[in-house]
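Have a look at the structure below, then the notes.
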Amino acid sequence: MATIDITNLRKEFGDDGEQIVAVDDVDLTIEDGEFLVFVGPSGCGKTTTLRCIGGLEDVTEGTIEFDGTDVTDERARERNVAMVFQNYALYPHMTVERNIGFPLKLSTKQSSEEISARVTEVAELLGIEPLLNKKPKELSGGQQQRVALGRAIIRDPEVFLMDEPLSNLDAKLRSTMRTELQELQKELSVTTAYVTHDQTEAMAMGDRIAVLNHGQLQQVGTAEEVYRSPTNEFVAGFIGSPSINLFTAAVDGNTLTGPDGFTYTLEDTAPLEGRDRVRVGVRPEDLTPVSDGSMPCDVTVVEQMGNENFLYAEMGDIDLTARIESRLNPAEDIGITFGFEEEDLYLFDPQTSSALKTKTSETNVDYQQYVQTGNV
Ligand code: ATP
């Protein structure tokens with residue numbers, strides 16, 4: 001297994017006339033055995049970063065090291081990496097057995113018997129042994145995905161690189177495969193870099209998450225870190241579903257005002273000092289309908305999700321989303337005010353978009369106390 005050190009990685013496409021900077025000075029270490037997820041909007045450079053790690057793209061600047069050895073100029077086949085892509089790329093004319101065994105046939109001098117034994121071992125691990133004689137077109141999407149994984153595993157790679165490997169599957173299967181993949185990765189403890197545009201998938205799967213935007217690394221951290229302590233407004237907006245509510249407010253002493261009737265007085269004024277405006281962020285789950293709240297709104301739509309309700313409202317021109325208990329069903333078109341706790345409030349610099357204040361609410365409760373008393 002390998003630690004991957006990425007230093008000042010830059011990748012440009014195009015000639016001098018029309019250059020696209022796909023990866024812009026990315027610095028990152030992926031620890032040995034870690035499951036790191038690259039996430040970000042379409043075109044932010046996730047796939048290109050992954051392809052640079054795998055040796056499928058020449059880098060414009062910077063270095064990539066596996067366990068301290070510089071592999072920047074090594075080609076893909078010289079690096080001990082296995083890649084799994086969205087489209088599986090199985091050979092349609094080959095059986096599952098031959099598809100899985102193919103990389104060994106290409107890269108080693110093992111006998112057919114040895115390869116066959118190893119294929120069976122991998123197929124058992126993935127629960128696809130009964131499918132070994134079938135062709136890819138006879139398989140479901142989930143089964144094809146397992147075969148593609150099998151083909152990646154069989155070479156005992158130092159590094160797995162996965163690019164949206166679950167996005168062709170339906171929602172239920174995707175969530176099952178998510179768990180299976182995580183279990184498999186833990187079992188094999190192969191350093192893994194995984195690309196997705198789906199922040200929920202990133203949060204669920206990654207030991208750490210690397211958030212990219214415009215080719216630049218915005219933040220690397222655990223799911224909790226990027227959710228609770230985003231470094232800037234972009235990360236706050238990208239992580240969390242539904243998205244955080246964001247708007248600009250004027251600062252007057254320790255009070256935030258506007259737009260359209262919003263007013264909130266902070267106890268801790270440090271983040272406001274020297275500012276006349278800030279960007280305010282409150283997550284949908286932290287808004288509570290109260291009689292004297294700081295956000296007067298009109299309810300537009302209530303979506304009943306069964307276990308909770310999503311409440312969409314307008315505060316003047318600002319669209320707000322709140323996640324509220326499923327027992328609460330305010331009529332659409334009524335006026336409502338939301339309140340929130342200062343410990344849940346996010347503030348950002350309107351110019352740089354850097355975070356000035358993030359969540360300070362308690363993160364961990366005493367588990368033993370919780371189960372004994374039924375609450376905290
Ligand atoms: P998506 O989620 O849509 O796959 P991504 O985050 O993986 O996006 P990349 O595919 O890495 O993004 O692309 C980053 C930028 O580089 C985009 O602007 C893209 O158009 C550009 N790009 C990627 N590959 C090439 C190429 N071979 N030639 C020219 N431009 C490219």
(request) Using label points projected 7 Å from each Cα along Cα→Cβ, tell me how many nm separate THR179 and GLU124, to one decimal. (result) 2.4 nm
(request) Summarise the accessible area of region 242-357 (1.4 Å probe, protein heavy atoms) by the percent that is carbon and sulfur. (result) 42 percent
(message) Please report the accessible area of THR255 (heavy atoms, 1.4 Å probe, ligands and nucleic acids excluded) in Å², nearest 10.
(response) 30 Å²
(message) Can you give me the accessible area per residue for region 1-151, using a 1.4 Å probe, in Å²?
(response) 51 Å²
(message) Given a Förster distance of 22 Å, report the FRET efficiency between THR300 and THR360 from their Cβ-Cβ distance, rounded to the nearest 0.05.
(response) 0.10
(message) How would region 238-376 be classified by its alpha-carbon gyration tensor: rounded, prolate or oblate, with rounded meaning a/c under 1.5 and the a/b versus b/c comparison settling the rest?
(response) oblate
(request) Measure nothing fancy, just the Cα-based angle from helix 171-188's long axis to the longest principal axis of the chain, in degrees from 0 to 90, nearest 10. (result) 60 degrees
(request) Mind pulling the angle between the C-alpha long axis of helix 112-126 and the longest principal axis of the chain? Nearest 10 degrees, somewhere in 0 to 90. (result) 20 degrees
(message) Let me cross-check THR108: its accessible surface, 1.4 Å probe, with only protein heavy atoms counted, in Å² to the nearest 10?
(response) 50 Å²
(message) At 0.36 nm per residue, and after removing the present C-alpha to C-alpha distance, how many nm does the segment from LYS109 to ALA250 gain when stretched out fully?
(response) 43.7 nm
(message) Less than 17 Å apart at the alpha-carbon level, and either on another chain or at least 8 residues along: which aspartates and glutamates does that give for LYS359?
(response) GLU224, GLU225, GLU233, GLU267, ASP268, GLU285, ASP286, GLU341, GLU342, GLU343, ASP344, ASP349
(message) Checking the cross-link filter: which lysines have an alpha carbon closer than 27 Å to that of LYS46, excluding same-chain neighbours under 8 positions apart?
(response) LYS11, LYS172, LYS186
(message) Not counting ligands, DNA or RNA, and with a 1.4 Å probe, what is HIS214's accessible surface area in Å² rounded to the nearest 10?
(response) 140 Å²
(request) Please label the shape of region 52-204 as rounded, prolate or oblate, based on the square roots a ≥ b ≥ c of the eigenvalues of the alpha-carbon gyration tensor (a/c under 1.5 means rounded; beyond that, a/b larger than b/c means prolate, else oblate). (result) oblate
(request) Compute the FRET efficiency between GLU267 and ILE20 as 1/(1 + (r/R0)^6), taking r as their Cβ-Cβ distance and R0 = 45 Å, and round to the nearest 0.05. (result) 0.45
(request) Let me have the 222 nm mean residue ellipticity of the chain computed from DSSP H runs of 4+ only, each contributing -39500 (n - 2.57), with the sum over all residues rounded to the nearest 500. (result) -7500 deg cm²/dmol
(request) Report the trypsin sites (Lys or Arg not before Pro) located in region 77-162 that are in a DSSP loop and have at most 10 other Cβ atoms inside 10 Å of their Cβ, or state none. (result) LYS109
(message) Would any residue of region 80-94 have its amide N under 18 Å from a label point 7 Å out along Cα→Cβ of GLU65? List them or say none.
(response) 80
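The values are calculated or read from the model by the stated rules, or taken from the named source; none is laboratory data. Predicted model, so just to flag it, every value in this text is computed and none were measured. Glycine gets a Cβ as well: all are built from the backbone with ideal geometry, and neighbour counts include every protein chain shown. The accessibility values were calculated without ligands, DNA or RNA, using every heavy atom of the protein model including side chains. Shrake-Rupley method; radii C 1.70, N 1.55, O 1.52, S 1.80 Å.
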